Each structure stands twice: as C-alpha cells, then as structure tokens.
Amino acid sequence: MKIIKKLDELNKILEPVKNTKKSIGLVLTMGNIHQGHLSLVDKARSDNDFVVVSIFINPTQFNNKDDFKYYPRTLNTDIEKLEISNCDLLFLPELTEIYPNGFSTEKTVTRYRDILCDKFRPGHFEGVTTVVGIFFELIKPTNSYFGEKDFQQLKLVSELVKIKKYNINIISCLSIRDQYGMSLASRHTIFTEVQRQTFKKLSKKIYNFISLLKQKKIKLDFQILKKDLLEIDINKVDYLEIRDEKDLEITNSFNDSRLFIALYIDKIRIIDNFKLT
Ligand code: PAF
C-alpha cells in the first residue's frame, strides 16, 4: 500500500490506472478505522482493479468545535489495518490540498434536507457534500462505497452524484454491527466503561421496543421509548422516527422503512438505523 499526502503524487499514481481503463474503488473515511470501514474496503477490493482509501477529518462538517477537537485520531493503527486489507493507495491529504481557497462549503443538494441529522446539525451536510464532491473530482473513481449507518448521508451523496452528473456508482453497504446489534462507529471507541454499559442498555431498549412494535404489543408511541431511555440516563434525544427508506418521509408502515435514532450518551452523539422488515 502506497501512502501519499500530495495531489501531484495522487495524479501521478492514478494516471496509468486511468489510462489502462482500470476500475477505481474509493472509500472515503475520517479515520479511526474499524470493521465497518474495512468491510467497505473489502467490497471495493472485490469489485475494482485499484482501491483508494482516504483519511481526512473534514473540519467543515463538524458543527461543534469540541466534536472536531476530540474526534479520535489513530493514524498509526489505521495504517496497520489498511495494510492488511490490501488497499492499493492511502491518501492522507492536508487541509490546504483539499481546501486551497479556505473552508467554504456549497449547498448543492436540497433533497432529504431539514429532517433527521440536517435539522440538528446545521451546516453538517454542506460540509459532507462539499468534501465528497472535492474527492470525487480529484480521484474520479468508478465506484465509491458508503455505509448504511449514515443513511441520510448515503442519500445525499447519491443525489449529489445525480446533480453534478458524476460518472460514479455509489455502492451502499450494510452496517457492520457489534454483538449487541448496534452499528460500529468511530465515536464509540472513546466510550468510558460507564458509557459502554449505557450503550449496551440502549441497544436492549431499542431492540425490545422494535420487537414489541412488531408483535403489535404496543402502539407506535415514542414517548414510551423516550421514558425508557431516561431510565438509563439518556436525556438528550435528537430524534426517534420511522421513515421510508426511499424518500425518507415519516411513515407508520413497516414495509421498506427504518427506525432512525440520534441521541447522546453524555457528549457523544450516537446515530443508527434499524430496518423494520
Ligand atoms: O462518513 C464519513 O466518515 C464522512 O462523512 C465522509 C464521507 C468521509 C466525508 O468526510
């Protein structure tokens, strides 16, 4: 695996790959590589001739300064994991390579907005779609891989590709879940033991709620779940909603829909979604 930081090195390496019409698979990350990222790299490896992974902690998508400051930075172990995963190129650009003209962002995508995370993290998706667009234009991959854990992000990125007419396939990949059924996420690696125990209890509450709903033993009332979450000291809930997978509209139906959650354990924001059928 080659590791590079500069755009001119990137272009030099990608030129022969493109000239020989080889396919390029791209996995964009902000580091703290876990099994979820590695599953995207595996899929990219099996679909493409050449696999690029990037690690770039994108400042413009953090609407909270502390979240950016405390975001886990684990480059050495990330490199070790990616070496084993057989990726061809690890791109670690510096801020000035990606944002040569300062941190400006663009609101390109207007669909799937003002709901879910967009409602609670102003500016976040402008930052995401801007940086993803910059990487897409620099690398011009054949396929790019995104996890379903960030379901709204996946939708916005797919829309970005349509709007900008990028010739890139967005491949959506299933979440990789821990032993309690929760999607893996970089932020979970900074849990203290007490927070980890709360997280475990959270998973039980959620799966119990879903199971009761499915058996029609309770009616769809998120106050019940919220009350349950208070018992385990989760008192900041951004949203608990069932939405349709296609258009992200609120629905009462369990067909092709998911339970979407965003909440906090202390200052750590947890998001996940659970398919209902
Ligand atoms: O999902 C992420 O880690 C980030 O939002 C992404 C897609 C790498 C853009 O910074």
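The values are calculated or read from the model by the stated rules, or taken from the named source; none is laboratory data. Just so you know, these numbers come straight off a predicted model, no measurement behind them. Because the Cβ atoms are built from the backbone with ideal geometry, glycine has one as well, and the counts that use them run over all protein chains shown. To get the accessible areas, we keep the full protein, side chains included, count just its heavy atoms, and leave off ligands, DNA and RNA. Shrake-Rupley method; radii C 1.70, N 1.55, O 1.52, S 1.80 Å.
Brief remarks follow.
- Dipole of the chain, positive end: most advanced residue of L26, N76, V194 [Cβ charges, Cα centre]: V194
- 1.4 Å probe accessible area per residue over the stretch 29-148, in Å²: 44 Å²
- Computed over the alpha-carbon atoms, the stretch 156-227 gives an Rg to Rh ratio of 1.14, Rh here being the Kirkwood radius from the mean inverse distance.
- Ranked by the mean number of other Cβ atoms within 10 Å of their residues, highest first, the peptides 57-63, 11-17, 81-87 come out as 57-63, 81-87, 11-17.
- Kirkwood estimate for the stretch 108-174, i.e. one over the average of 1/r between Cα atoms, Å: 12.1 Å
- Solvent-free Debye calculation, one equal scatterer per alpha-carbon of the stretch 140-277: log10 I(q)/I(0) at 0.13, 0.16, 0.21, 0.22 Å⁻¹ equals -0.62, -0.89, -1.33, -1.42.
- Estimated inter-spin distance, F222 and S104, nm [label 7 Å along Cα→Cβ]: 3.6 nm
- Shape index of the stretch 12-130: Rg/Rh, with Rg the Cα radius of gyration and Rh the Kirkwood radius from the inverse mean 1/r over Cα pairs, equals 1.00.
- Mean-position separation - Cα centroids, the stretch 106-160 and the stretch 52-85, in angstrom: 17 Å
- With Cα atoms, 0 to 90° folded angle of helix 75-84 axis to the chain main axis: 80 degrees
- Reported value for the chain: 131 Å³ per residue, from the convex hull of its C-alpha atoms.
- Using alpha carbons only, the radius of gyration of the stretch 1-58 set against its Kirkwood radius gives Rg/Rh = 0.98.
- Extents of the stretch 149-195, largest first, come to 47, 17, 13 Å (Cα atoms, principal axes, whole angstrom).
- Dimensions of the stretch 70-146 from C-alpha coordinates, computed as largest minus smallest value along each principal axis and given longest first, are 40, 26, 25 Å.
- When each of K69/K236; K18/K149; K6/K107; K107/K149 is checked by Cα-Cα distance, pairs over 29 Å: K18/K149
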